[in-house]
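Structure first, commentary second.
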Amino acid sequence: MTGRIADADLWPEGHDRIEWARAHMPVTTALAARLGRDGTVAGVRIGVSDVLEPKTATVALALAEAGAEVTVTSAGRNTDDAVAAALAHAGLPVYARADADSAEDRANALALLAHRPDVIVDDGASTIRLAHLERPDVVADMRGATEQTTSGVRPLRRMEVEGALRIPVVAANDARSKSLFDNMHGTGQSVVFAVADVADRSFLGATVVVVGFGRVGTGIAQHAAALGARVVVTETDPVAALQAAFAGFEVRTLAEAVRHADIVISATGIRHSIDVAHLDALRSGAVVAVGGGVGQEIALTAARAAGAVEVARDGAVSVLRMPSGAEVRVLDDGNCLNVSAAEGNPVEIMDLSFGVQLASVAHVLSTPSLGPGVHELPRAADDEVAALALASFGGTLDAPSAAQRAFLAAWNPEEDEE
């Protein structure tokens, strides 16, 4: 076994937490068991590049038990050392430690690529992109990859347009069973709770500015409002802005909204969404955070270049004195707060997301005709994940009657129907 972890002796703690997660992930375990029965992943080298916590570890172990040769890596800020130790104890090569800096993170990802994965299961697309840049020989032999985040799918689509994407990638993020639940309900809840916990700040009566009203922003806004906040949404998309207005939220420009904000949460996945001028306009004591995003979504490097200075730090809370004199509380250095400084999304939500990832892996391996590019998960596979989850909640799916099926088969949308 090879790998790089912090402390092998932590494995019992990690093992117990993984077992708890596994007991609450019926969709993931059912789909992994099928992959094992069908021999879909037998002998397939799979690299898992994701937040390393008990739920992700469950997926890695399930793939290994189904016959895959699994290697795992994770950025230091997203790594639980006990979980890494448990996976290593189970025999998986693991390249991840919580104290790793960006240089070691990159070295760990390259170490995973040295195992020459046939498939990469990615979160943020960083390992897929690194493979294209640094290990084209590995990419040449790959069968494909999957990507489970909006911020990861975006650059992959750009690579596709530019002709730089050389493998098929299934956009697991875009499956309905993922985006309608993970992005809105899971991330929305976990981000709001993480802000409240890390900043030790109540949402009751607070003015919360949500930057971006996609599915993640929608979930954040809904959960903040449920906790008693006054929510203001900022958007550059007129349709999304109108959706926010119809949902009952104030819609303002960010430049206007930050002047009255107690908490600002970016949910765009775009760099400099909260720029220097926005930070400088905040009041002392205001809290700024990112919920699921990219580096420099809060323009901290530019803010420091403009004269901002860190005057205090307490755990994941950095107090930044802006040129205006305001002292702004930045959470977890602008990283993806709900995973880097908290426990991530609820296990029931991640069971759906990882079920979609497993369905995506199966689609890549069973569809040799997939060419380089970003592909959708077929509707039937997406529906199966949702049906399994519904059954785990005790729900029963209805079926169209013979009359309904006949109507749909004969229906012409251009004709008026009685």
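Any read-out appearing in this document is the output of simple, stated calculations on the displayed coordinates, not a laboratory observation. All values derive from a computational prediction rather than experimental measurement. Neighbour counts are summed over all protein chains in view; Cβ atoms, including those assigned to glycine, are modelled from backbone coordinates with ideal geometry.
Counting helices only, and only those DSSP H runs with n ≥ 4, report the 222 nm mean residue ellipticity of the chain as the sum of -39,500 (n - 2.57) divided by its residues, in deg cm²/dmol to the nearest 500.
Working: 18 runs with 182 residues, N = 418.
Rounded to the nearest 500, the figure is -13000 deg cm²/dmol.
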| said: Residue by residue through segment 117-129, what is 3J(HN,Hα) from phi via Karplus (6.51 cos²θ - 1.76 cosθ + 1.60, θ = phi - 60°)? Round to whole Hz and write x for glycine and proline. | reply: x, 6, 9, 10, 9, 10, 9, x, 6, 5, 6, 4, 5
| Cα convex hull of the chain - mean projected area over all directions, nm² | 23.0 nm²
| remark: Diffing segment 359-371: the Karplus 3J(HN,Hα) column from phi (6.51, -1.76, 1.60, θ = phi - 60°), in whole Hz with x for Gly and Pro, holds 4, 5, 4, 4, 5, 4, 6, 9, 10, x, 6, 4, x
| request: Would you be so kind as to identify which of Thr149, Leu110, Pro168 lies farthest towards the positive end of the dipole of segment 90-208, taking Lys and Arg as +1 and Asp and Glu as -1 on Cβ and the Cα centre as origin? | output: Pro168
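Can you tell me the FRET efficiency between Ile270 and Asp383 if r is taken as the Cβ-Cβ distance and R0 is 41 Å, rounded to the nearest 0.05? Mind dumping the intermediate values first?
Values: r = 31 Å, r/R0 = 0.77.
Between Ile270 and Asp383 the formula returns 0.85.
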| remark: Looks like segment 272-389, by Cα gyration tensor root eigenvalues a ≥ b ≥ c and the a/c under 1.5 rounded cutoff (else prolate when a/b is bigger than b/c, oblate otherwise), is prolate
| message | Can you list residues from other chains, or at least 5 along the same chain, whose modelled amide H is less than 5 Å from the amide H of Val51? | response | none
| For Arg4, which sequence-distant residues (separation of 5 or more, or a different chain) have an amide H within less than 5 Å of its own amide H, given hydrogens modelled in the peptide plane? | Val94, Tyr95, Ala96
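Kirkwood hydrodynamic radius, computed over distinct alpha-carbon pairs, for segment 185-340: how many Å, to one decimal?
Details: mean 1/r = 0.0671 Å⁻¹.
Answer for segment 185-340: a Kirkwood hydrodynamic radius of 14.9 Å.
If we count other beta carbons within 10 Å of each Cβ, what is the order of Trp11, Trp411, Trp20, fewest first? Don't jump to the answer; show the numbers that get you there.
Working: Trp11 21, Trp411 10, Trp20 14.
With the sparsest Cβ surroundings first, the list reads Trp411, Trp20, Trp11.
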| task | Rounded, prolate or oblate: pick one for segment 89-191, where a ≥ b ≥ c are the square roots of the eigenvalues of its C-alpha gyration tensor, a/c under 1.5 means rounded, and failing that, prolate if a/b is larger than b/c, else oblate. | result | oblate
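Could you size up the charge dipole of segment 185-340 around its Cα centre, putting +1 on the beta carbon of Lys and Arg and -1 on that of Asp and Glu, and report it in debye to the nearest 20?
Values: 11 positive and 15 negative charges, 22 e Å.
With Lys and Arg at +1 and Asp and Glu at -1, about 100 debye.
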| request: Go through Ala316, Leu35, Leu10 and say which Cα lies farthest out towards the positive end of the charge dipole of the chain; charges sit on Cβ, +1 for Lys and Arg, -1 for Asp and Glu. | output: Ala316
| message | Taking amide H atoms as placed 1.01 Å from N in the peptide plane, list the residues 5 or more away in sequence, or in a different chain, whose amide H sits under 5 Å from that of Ala229. | response | Gly205
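Tell me the Kirkwood hydrodynamic radius of segment 278-328 in angstroms, computed as one over the mean inverse distance between distinct C-alpha pairs.
Working: mean 1/r = 0.0887 Å⁻¹.
Over segment 278-328, the inverse of the mean reciprocal pair distance is 11.3 Å.
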| message | Rounded, prolate or oblate for segment 86-126? Axes are the square roots of the Cα gyration tensor eigenvalues, ordered a ≥ b ≥ c, and the cut-off for rounded is a/c under 1.5. | response | oblate
